[in-house]
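Since the structure comes first, as structure tokens, the remarks are kept for the end.
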Amino acid sequence: MNLTEQDYELLSRYLDQELPASIAKQLEQRLAVESPLAEALADLRSLQVRMQNAYKDIGDQAIPARISALLRPQAETALILPFPRRRAKAWSFALAASLVVAASATLVTQWRLDSALPGAVPGADTQLATVLESSPSSATDWLALDDGRNVRPLLSFRGVDGNWCREYLIADTDGNWHGVACRGNQGWANRALTATQPAGSSDEYRPAGAMAADEVADFIDRNAADIPLDASQEASVIAGKWQ
Amino acid sequence: MLSDLQREALLAELGGLRKFCISLTGNVADGDDLLQATIERVLEKGMPADAHVAKWAYRVCKNAWIDEIRARDVRQKYPQLVSSEEHNSPSAEQSADGLQELAAVSAALDEIPPEQRLALTLVAIDGKTYAEAASILDVPVGTIMSRIARARRHLVEHCGLRNAD
């Protein structure tokens, strides 16, 4: 008997103690009579033990001094030059960023906010625009849209052109998106947008999750006039309709 | 810029964050480089006053790791840009049994998509709950469930990670 994706998800959640008690009990009843299911659980348990053993000593090791020194209070670190990383070249991604621009530009055209709220144009994403217009940023909370997407405004900042901008995340069934929209006279319009998860089957190995991950950060670096608003400043700007 | 409280909170998270970094990169040296890159990014970019420090740092770490994957891909395409130092094999760096096992598990984890590896690492190695992992990776809990299940299935069926023999 072949196990289904759902079977593996149940076993995985059971292993992680993330199943509600009633469902766990039903699964245990199946495990008692379905040997393929029980064997799969045993395999997953062995995998879990092996993974945990491989990394068990890491947490006990001392943090390298060069790293913990970075977090000493500012007065102590102000005169400390950062240590070079062991492999400086390995962490240079400027060239990589230049190579993904074409790919990310294609994504931008596939899903667009366009100008939305007020005077939304046909095809504009008014649900997202409504969230950007009226909901505060959050480090934890998702807002559910009527069409099934989940949205989280992350930050609000003033752009160098004087317009307000917001960084946001969208989780959709087709993939996840990370973007920045700015509010002009015609409403909210996307200024940067990247896929943070490849659409389609995630069984395929596609390191596209890496694709253009920094495009949004680069946009903010280039266009933010100041540090992001704090919660009270943002609430005030939202109440003032971003004027 | 981080407040002193944020710095203290981040300092308290370094042990767990380091374990996360090493479990993503597969060896201690690269993991420490990733940890340093993470801390430097957090210090450079700052974080909102109301942000959960640990979750924020894990997110920054995740993004730094994804950038490294991208850079690694470029280095494979343009090997002339890679310094000789980067050709050290895991076996040369990691001779002890424990480190060999670390390398073996890491090699298997290399075979699953990055999104699945991130979710599995947070839960199976770092002991995060699904809700915590979802918060760190900015995805719904249901996505975490499916990613972890698919990752485990692949590792068991295709990567020979059923047991340590």
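Values quoted throughout were computed directly from the atomic coordinates according to the rules given, and no laboratory measurement underlies them. Because the structure is predicted, anything quoted here is derived from the model rather than measured. We place every Cβ from the backbone using ideal geometry, glycine too, and count neighbours over all the protein chains shown.
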So what is the orientation-averaged projected area of the range A:5-58, using the convex hull of its C-alpha atoms, in nm²? 4.1
What residues have an amide H closer than 5 Å to that of A:Trp164, excluding those fewer than 5 places away on the same chain, when H is modeled at 1.01 Å from N in the peptide plane? A:Gly159, A:Arg183
Which ³J(HN,Hα) values, rounded to whole Hz and listed in residue order, are derived for the range B:115-128 from phi using the Karplus coefficients 6.51, -1.76 and 1.60 in 6.51 cos²θ - 1.76 cosθ + 1.60 with θ = phi - 60°, glycine and proline given as x? 4, 5, 5, 4, 5, 5, 4, 4, 8, 7, 9, 8, x, 6
At 7 Å along Cα-to-Cβ for each site, give me the label-to-label distance between B:Leu5 and A:Asp147 in nm. 4.0
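For A:Val237 and A:Lys56 in the same chain, what is the full-extension length gain: residue separation times 0.36 nm, less their Cα-Cα distance, in nm?
Contour length minus the Cα-Cα distance gives 60.4 nm.
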1/(1 + (r/R0)^6) with r = Cβ-Cβ of A:Ala42 and A:Thr140, R0 = 56 Å, i.e. FRET efficiency to nearest 0.05, evaluates to 0.95
Estimated FRET transfer efficiency when R0 is 51 angstrom, pair B:Glu44-A:Glu5 (beta carbons, to 0.05): 0.80
Subtract the Cα-Cα distance of A:Ala24 and A:Val49 from 0.36 nm times their separation in residues, and report this length gain in nm to one decimal. 6.9 nm
